[in-house]
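After the structure tokens below, expect a handful of questions from me.
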Amino acid sequence: MTTSALLFATAAAADGRPAAALPARGSTLLVRLLATLESLDVRRAWVVTRPGWREAVEEAARGAGVDVTVVESEDQADDLRAVAGIAADAPGRLLVGNAHAVTHREALAGLLADPRIVSGILGTGSHGRGLWSYRVRIVRGRVVSAGSPYHRVGVPNSYFLGFLKVDPHDRAQLVAAAREFAELVTEPRPNRWDDQMALTVADWRARLWRMAIERETGEFPDPMELPPSIRLDPDTEAEVSLRVRAAREDVVALLLVGLVRSGVHLSRNSLRGFFYATPLSVGAAETAMSDMEEIDEDRVALDAAVKAQDGFFTTFFVSPYSKYMARFAARRGWTPNAMTTVSFVIGVASAASFAVGTRVSLVLGAVLLHAAFTVDCVDGQLARHTRTFSKLGAWLDSVFDRSKEYVVYAGLAIGATRGFGDDVWLLAAAAVTLQTFRHMVDFAYAARQHEAIEPTLPLDDPEDAPLTIDLPARPRPSPVAAFAMAEGAGGTTVVAPAPASAVPAGAGAASGTAERPAKSRVTLSSVALSAVAAAGALDRRSWTRWGKRILVLPIGERFALIAVTAAIWNPRVTFIALLAWGGVAAAYAVAGRTLAALAR
């Protein structure tokens, strides 16, 4: 499918020129971005800019291999009307983004070339990379809430990095959102938008203050505490002013809000270790280019082939070397499906070895089972490294994984009978039944990721609201959200809000603090909500997060358990261990998902 690009060169640099025209290693930021897009098969691009900047942008785009059309636009409302017109006619998928962004090719390749992302965003969980970006909430890989200068996210867990891919099937929602926002950004703007903008800037200033304290003292201050007044150095104050001016021109974040609130399924491609910045001065552009060149893009791309959130055993005992096997396979043109098949064949050989029933054969079977799992990891890493995903490959991987595991169970049961005179077929059948149940629960739960989201808020509402797909979460009290900027977006003093007694009646419902129902009616849901919140809190510490991943007995831990117990003891011990640990894992999963359902 062809891809077109719609870029915005509307952010002003410190010298008054368009930031997209800033020099970058003998060219400009815009030319470098267009060259990256050309390498990703983007052949048509529109660049929206202000009338006084047209010549500068055309000059900045000169030499790009992409067919570029520069579109003049008077203001943000005109920008959005241009989006509606271009999006309605642009061929293929549409990449919407800011023209002054600096990032690695592979970061955008992950968004554009990954067939699993139909419509999606480039995002990151890094506070450093997301400093000047707007927050979003991701649930099971899907964007369920998005922020902008005028819209908040109650419980954010990621940042939107200014690039949005829209599939043709979602183009109508993009056009509709652009047209509606074009009316809303025309003066007078909706009530409370300026208040939300002030809070957005206050959050930036608070983070900059914390970063400065960390540089000076080596310790990051408590994020829940702020001084009565925030004073930043003159250079930082100048940067904040530039960012505020750029934020008032940003339409990409508004379009994301519109798509999310219209129910479009948007996935996230994570930045991982790649570079991203949006410089607004010559010095910042030079620094960004130098910082990006210091990063080994090939190494980061190889690391990115490893799942970001995998099991403990896989992460620490397989992926450190299997990723190099994936690169070796990629350089020789091997396919993920071929690796999946090889993994299955090795798994069958492991089962056959287990079936012999001798100590040597059990040890050999354990070694082969680990080899089968390693190659199974390689097929996924190879697919991510080369972006060669397919529905056939996903089906083969799922079927062969299940078949390989159950064949190994049969091999162990046969080996127990032949070599140890021990009938463990009932235990084997119980292990198969338990694992089948766990897979059924997992697949049914994952299917909810694709459910439709009903729009819950109009586009002019700056507030956030929980959605059907989202888990209920209690926002942590924010010192920034609880304060107002005394001197507007460019002010320097933070003052406390009015006391609770001054809040008008009914305001609690608008801010998500509706009147508490009778205790007898909320006991079960309150307990469930508390349990979900406690489980989420455990993820803030690495050791508890890894402990939870081990507890659920993922396939890496399961195969390691089979290999170790079979090699050292016997098949009966293996099945007892699988049933005991697997039973705890199943109970934990069912309890957790039941509580999540009750808490909604």
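Would you mind telling me which numbered condition in (1) under 26 Å from the mean Cα position of the chain (by Cα); (2) open to solvent by 50 Å² or more (accessible area, probe 1.4 Å) Thr358 fails?
(1)
While we're on this one: Conditions first: (1) among the aromatic types (Phe, Trp, Tyr); (2) under 30 Å from Val83 (Cα atoms); (3) without any contact (Cβ under 8 Å) to a residue 60 or more places away in the chain. Trp204 passes all but one, so which condition is the exception?
With (1) among the aromatic types (Phe, Trp, Tyr); (2) under 30 Å from Val83 (Cα atoms); (3) without any contact (Cβ under 8 Å) to a residue 60 or more places away in the chain applied to Trp204, the lone miss is (3).
Here's another thing I want to ask about it. Taking the options Lys307, Lys323, name whichever one is surrounded by 14 or more Cβ atoms within 10 Å (Cβ to Cβ) and part of a helix (DSSP H, G or I).
Details: Lys307 fails: part of a helix (DSSP H, G or I).
Lys323 is the lone residue from the list that is surrounded by 14 or more Cβ atoms within 10 Å (Cβ to Cβ) and part of a helix (DSSP H, G or I).
For segment 154-196, how many residues meet the condition of being crowded, with 22+ Cβ neighbours inside 10 Å and outside any strand (DSSP E or B)?
Result for segment 154-196: 4.
Being of a type in the set (A, V, I, L, M) and outside any loop (DSSP other than H, G, I, E, B) is the filter; apply it to segment 203-237 and report the residue that is most open to solvent (accessible area, probe 1.4 Å).
Applying the filter and picking the extreme gives Met211.
When you look at Glu38, is it of a type in the set (D, E, K, R), open to solvent by 10 Å² or more (accessible area, probe 1.4 Å) and assigned to a helix (DSSP H, G or I), yes or no?
Judged against the criteria, Glu38 is a match.
Moving on to the next point. Restricting the search to segment 329-380, which residues are assigned to a helix (DSSP H, G or I), over 30 Å from Arg572 (Cβ atoms) and hydrophobic (A, V, I, L, M, F, W, C)?
Ala329, Ala330, Ala338, Met339, Val342, Val378 - these are the residues of segment 329-380 that are assigned to a helix (DSSP H, G or I), over 30 Å from Arg572 (Cβ atoms) and hydrophobic (A, V, I, L, M, F, W, C).
For segment 238-286, how many residues meet the condition of being assigned to a helix (DSSP H, G or I), at pLDDT 95 or above and charged (D, E, K, R)?
Count: 4.
Condition test on Val143, is it surrounded by 24 or more Cβ atoms within 10 Å (Cβ to Cβ), at pLDDT below 95 and in a strand (DSSP E or B)?
Judged against the criteria, Val143 is a match.
Return the total of residues in segment 75-130 being assigned to a loop (DSSP other than H, G, I, E, B), touching a residue at least 40 places away in the same chain (Cβ under 8 Å), under 22 Å from Phe274 (Cβ atoms) and of a type outside the set (S, T, N, Q).
Qualifying residue count for the region: 12.
The values are calculated or read from the model by the stated rules, or taken from the named source; none is laboratory data. Since the structure is predicted, the reported quantities are computational estimates derived from the model, not experimental observations. Note that we place each Cβ from the backbone using ideal geometry, even for glycine, and neighbour counts take in every protein chain shown. Ligands, DNA and RNA are stripped out before the accessible areas are found, and what is left, the full protein with its side chains, is counted by its heavy atoms. Shrake-Rupley method; radii C 1.70, N 1.55, O 1.52, S 1.80 Å.
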